[in-house]
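Working notes, beginning with the structure itself.
Just so it is clear, none of the values below were taken in a lab; they were calculated from the coordinates. Quick caveat: nothing in here was measured; it's all calculated off a predicted structure. Note: ideal-geometry Cβ built from the backbone for every residue, glycine included; neighbour counts use all protein chains shown.
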Amino acid sequence: IFEMNKLLGGIGGLAVVIIGNVVVIVLEGMIVAIQVLRLQYYEFFSKFFNETGVEFKPFQFKYKGK
């Protein structure tokens with residue numbers, strides 16, 4: 001952002017700095033919001049999770065060697 005400010009200089013450079021910082025703040029806010037939602041989902045629904053059923057066993061090919 002600040003390198004573009006040096007290239008444009010003056011009013012254009014100031015606009016680049018302001019818009020660039022706003023973009024960074026919005027992206028950081030989105031990252032924080034996603035992490036908060038993820039943690040809320042994980043911690044809230046783990047209270048109601050009951051371990052029932054069959055353990056997962058992934059499919060495997062049986063090797064018929066020599």
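Here are the numbers for the structure shown:
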| read-out | value |
| --- | --- |
| Cβ-based charge dipole, the chain, positive-most Cα from 14, 63, 34 | 63 |
| Neighbour cut-off at most 14 other Cβ (10 Å), DSSP loop, chymotrypsin sites (Phe, Trp or Tyr not before Pro), the range 18-66 | 48, 49, 56, 59, 61, 63 |
| Within the chain: Cβ-based charge dipole about Cα centre, in debye rounded to nearest 20 (Lys, Arg +1; Asp, Glu -1) | 620 debye |
| Estimated 222 nm signal from helices in the chain, with DSSP H stretches of n ≥ 4 weighted -39500 (n - 2.57), rounded to 500 | -23500 deg cm²/dmol |
| On Cα atoms only, tilt of 10-46 relative to the major axis of the chain in degrees | 20 degrees |
| Kirkwood-Stokes translational diffusion coefficient of the chain, alpha-carbon pairs, 25 °C, 0.890 mPa s, µm²/s | 142 µm²/s |
